[in-house]
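All remarks here apply to the structure that follows.
No lab work stands behind these numbers, since they all come straight from the coordinates. These numbers were taken from a predicted model, which means no experiment stands behind them. When we count neighbours, we look across all protein chains shown, and the Cβ atoms used for this are built from the backbone with ideal geometry, even at glycine.
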Amino acid sequence: MSVKNKSETQSIKVSHREIVLPGDLVAEGEVVFERYPYLYKLRNKIMSSVLGVAEIRGENNLKISPLKGVYIPSEGDLVIGVVEEINPTYVHLDIKAPYKGVLHANEILGRPLNPSKDVLSEYVSVGDVFIAKIERFDLLRDPLLTLRGEKGLGKVTEGSLIEVIPTRIPRIIGRKNSMIEILTKETECDVIVANNGRILIRRCPSRDHEEIFVRAVRMIESQPYLKGLTARVREYIVVEKVKRGIISGHT
């Protein structure tokens, strides 16, 4: 997509993938940004509220992806949570947010809880990992989680978990899944990337493949603002596979 020069008359005043600071002017006039956080309007000027990367989503459509920050739940988000506390009818999960995720017993059991027969601690333990979705969140109470409505939700029984800065998740996924497709295709790893900054590596062909995947993710996490990062990640993975004898140097 071509982007006009900032010197030309236009609404958006930054270039795609440009680094912006809090208070920087990023646009003027009628720009679509209301559904995106980290921007605010002062008269007809639109400013960034964070240190982040400008993403131009189309003509007069702008988003800022922060380079720092904690995970703030949003309805529909996919999260990976770790059980911290078990109550008679629900459990609290650590979801890497200022709030605890609430997962009710009927979600875990797949049926209504029978208080006279069911003891929730017999079905779930502290430290158990669940893949869930944010069903409801309104800032007044902890986010309600669900295990229904999508394949793959539920208790994790295999794999390894890595944590990244939550604001890096969009970069790890990439536009139209471009980055995560390269990561999984080149390493042959089966993974689940959650919005709250956790990645579940379910299966990889070997320990070498898994290590390459993790190192590539760390590369993205540490350099999310670099242009041409997708190509660099692909090249890095190929070089590592050659070094480890996974593929031939002539491939």
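Given segment 78-157 reduced to its alpha-carbon atoms as identical point scatterers, what log10 I(q)/I(0) does the Debye formula return at q = 0.16, 0.18, 0.23 Å⁻¹?
-0.53, -0.67, -1.10
Using only the Cα atoms of segment 145-251, build the gyration tensor, take square roots of its eigenvalues as a ≥ b ≥ c, and label the shape rounded, prolate or oblate: rounded if a/c is under 1.5, else prolate if a/b is larger than b/c, else oblate. Please list the in-between numbers first.
On the way: a/c = 2.20, a/b = 1.39, b/c = 1.58.
Judged from the Cα gyration tensor, segment 145-251 comes out oblate (a/c at least 1.5, b/c at or above a/b).
For the residue pair Ile19 and Arg148, what label-to-label distance in nm results when each label sits 7 Å from Cα along the Cα-to-beta-carbon direction?
4.7 nm
Provide, for q = 0.15, 0.27 Å⁻¹, the log10 of I(q)/I(0) from a solvent-free Debye sum over equal Cα point scatterers in segment 124-200.
Values, matching the q order: -0.64, -1.37.
With a ≥ b ≥ c the root eigenvalues of the C-alpha gyration tensor of segment 19-66, is it rounded (a/c under 1.5), prolate (a/b larger than b/c) or oblate? Intermediate results must be reported in sequence, preceding the final value.
Details: a/c = 1.65, a/b = 1.12, b/c = 1.48.
Because a/c hits 1.5 or more and a/b fails to exceed b/c, segment 19-66 counts as oblate.
For every helix of n ≥ 4 consecutive DSSP H residues, a contribution of -39,500 (n - 2.57) applies; sum these over the chain, divide by its total residues, and give [θ] at 222 nm rounded to the nearest 500 deg cm²/dmol. Mind showing how you got there, number by number?
Values: 5 runs with 51 residues, N = 251.
Mean residue ellipticity at 222 nm (helix-derived): -6000 deg cm²/dmol.
Collect residues whose amide H, placed 1.01 Å from N in the peptide plane, falls under 5 Å from the amide H of Arg17; neighbours closer than 5 in sequence don't count.
Counting only residues 5 or more places away or on other chains, the set is Ala54, Glu55, Ile56.
Go ahead and run the numbers for FRET between Arg111 and Arg215, Cβ-Cβ distance against an R0 of 45 Å, rounding to 0.05. Can you show the working numbers first?
Working: r = 43 Å, r/R0 = 0.95.
Once rounded, the FRET efficiency stands at 0.55.
May I ask you to evaluate 6.51 cos²θ - 1.76 cosθ + 1.60, the Karplus curve with θ = phi - 60°, for each residue of segment 54-63 and list the ³J(HN,Hα) values in order in whole Hz, giving x for glycine and proline?
6, 10, 8, 8, x, 4, 6, 9, 10, 9
Of Val83, Val164, Val126, which has the largest mean-square fluctuation in a 10 Å C-alpha GNM of the chain?
Val126
Top mean-square fluctuation among Leu39, Leu51, Leu139, Gaussian network model of the chain, C-alpha springs under 10 Å?
Leu139
Compute the Cα gyration tensor for segment 133-174, then decide on rounded, prolate or oblate, letting a ≥ b ≥ c be the square roots of its eigenvalues: rounded whenever a/c is under 1.5, prolate when a/b is larger than b/c in the other cases, and oblate in all that remain. If you can, show how the numbers build up before the last one.
Details: a/c = 1.94, a/b = 1.16, b/c = 1.67.
Cα axes put segment 133-174 in the oblate bin.
If the reach is capped at under 18 angstrom between alpha carbons, list the aspartates and glutamates near Lys96, excluding any in the same chain fewer than eight residues apart.
Within the straight-line cut-off, Lys96 pairs with Glu75, Asp77, Glu84, Glu85, Asp128, Glu135, Asp138, Asp142, Glu163, Glu221.
Sorted from largest down, what three extents in whole angstroms do the Cα atoms of the chain have along their principal axes?
The Cα atoms of the chain stretch 71, 58, 25 Å along their principal axes.
Can you give me the angle between helix 207-222 and the longest principal axis of the chain, using Cα atoms only, in degrees from 0 to 90, rounded to the nearest 10?
50 degrees
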